[in-house]
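This report concerns only the one structure given below.
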Amino acid sequence: MRANNWLILIALLSGLGWWYSPVSPRVPATAALAAEALPATCALPPRVAPGDVPRQSALDGTMAPIRLRAATLSPLAGFSIDARVLSRRDYSLGREAELSPTDLALGWQRMADDAVLSRLEINQGHRWYHYRWRGDPPIAPREIARSSANMHMIPADAATARALRAVSRDDRVRIEGWLVEVRAADGWHWRSSTSRDDSGQGGCEVVYVCAVTQL
């Protein structure tokens, strides 16, 4: 093969790799662009008071299912959280990425303190959040689990997608929206945790995000 052809092939492969990478402009996509009737479905839940743990509010009967082309989102509870971003990870491949292109690992209470976080190694991958320490843990492992979580973010509209795109590690943010259960016509489903005490499989929150505020 001629040198010019090799250069063309390398350029094409590089372009494809960039397009499907987490830094591609196609990430994060916004599920809301596929919504049938978006504005009426994203009323904000009661807002969390500063310093509180994540606030979860019962449904009042006004939140109807959110119907997207990819799936239907059934609200489980209102959700509002003030937290520190421990890590973020963008995804472009997989069924979940069609709806939720971004995961945020969030910490609150002592899991937002520098003294604690400086002794933890934190990373994300495969829609999970991982942490570890050397020697003794900075706080009790149960407190780490109860004061942090990996959350799958489903942006409600293009503005919310842009706000999520601007969020970086160590930012302090307020996320407001709804915990949801996702169901597709072929039977595939994805259900949010509704407890801060669980961990492992099924312990992540799936959040339909109505608003993102930098604090």
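The residues in the range 166-215 that are among the aromatic types (Phe, Trp, Tyr) and without any contact (Cβ under 8 Å) to a residue 24 or more places away in the chain can be counted, and the count is 0. Among the numbered conditions (1) under 26 Å from residue 184 (Cα atoms); (2) of a type in the set (A, V, I, L, M, F, W, C); (3) crowded, with 20+ Cβ neighbours inside 10 Å, the only one that residue 70 does not meet is (3). Report yes if residue 156 is farther than 15 Å from residue 54 by Cβ and touching a residue at least 60 places away in the same chain (Cβ under 8 Å), otherwise no. Yes; evaluated as a whole, the condition is true for this residue.
Please enumerate the residues belonging to the range 181-197 that are surrounded by 15 or more Cβ atoms within 10 Å (Cβ to Cβ), more than 16 Å from the chain's Cα centre (by Cα) and outside any strand (DSSP E or B). Result: 184, single match. Scan the range 104-127 for residues that are within 20 Å of residue 179 (Cα to Cα) and touching a residue at least 60 places away in the same chain (Cβ under 8 Å) and the total you get is 3. If the condition is being out of contact with any Asp or Glu (no Cβ under 7 Å at 6 or more places or on another chain) and at pLDDT 95 or above, then the range 188-204 contributes only 188. Yes or no: the range 178-190 includes at least one residue that is in contact with a Cys (Cβ under 8 Å, 6 or more places away or on another chain) and within 18 Å of residue 88 (Cα to Cα). Taking every residue of the range 178-190 in turn, none turns out to be in contact with a Cys (Cβ under 8 Å, 6 or more places away or on another chain) and within 18 Å of residue 88 (Cα to Cα). Those strands (runs of 3 or more DSSP E) of the range 56-134 in which at least 3 residues are touching a helix residue (DSSP H, G or I) at 6+ places or on another chain (Cβ under 9 Å) and at pLDDT 95 or above, considering only elements entirely within it, cover 72-90, 102-107. Pairing residues of the range 54-80 that are without any contact (Cβ under 8 Å) to a residue 24 or more places away in the chain and within 15 Å of residue 206 (Cβ to Cβ) with residues that are surrounded by 20 or more Cβ atoms within 10 Å (Cβ to Cβ) and of a type in the set (A, V, I, L, M, F, W, C), at Cβ distances under 7 Å and at least 6 apart in sequence or on separate chains, gives 65/73. Looking across the range 198-215 at every residue that is within 14 Å of the chain's Cα centre (by Cα) and part of a strand (DSSP E or B), the one that is farthest from residue 78 (Cα to Cα) is identified as 212. Hey, does the range 146-167 have a residue that's more than 23 Å from residue 43 (Cβ to Cβ), assigned to a strand (DSSP E or B) and of a type in the set (Ser, Thr, Tyr)? Within the range 146-167 (the criterion being more than 23 Å from residue 43 (Cβ to Cβ), assigned to a strand (DSSP E or B) and of a type in the set (Ser, Thr, Tyr)), the answer is yes, since at least one residue qualifies.
The values are calculated or read from the model by the stated rules, or taken from the named source; none is laboratory data. Owing to the predicted nature of the structure, the values given are computational and were not obtained by experimental measurement. Please note: Cβ atoms are built from the backbone with ideal geometry, for glycine as well, and neighbour counts cover all protein chains shown.
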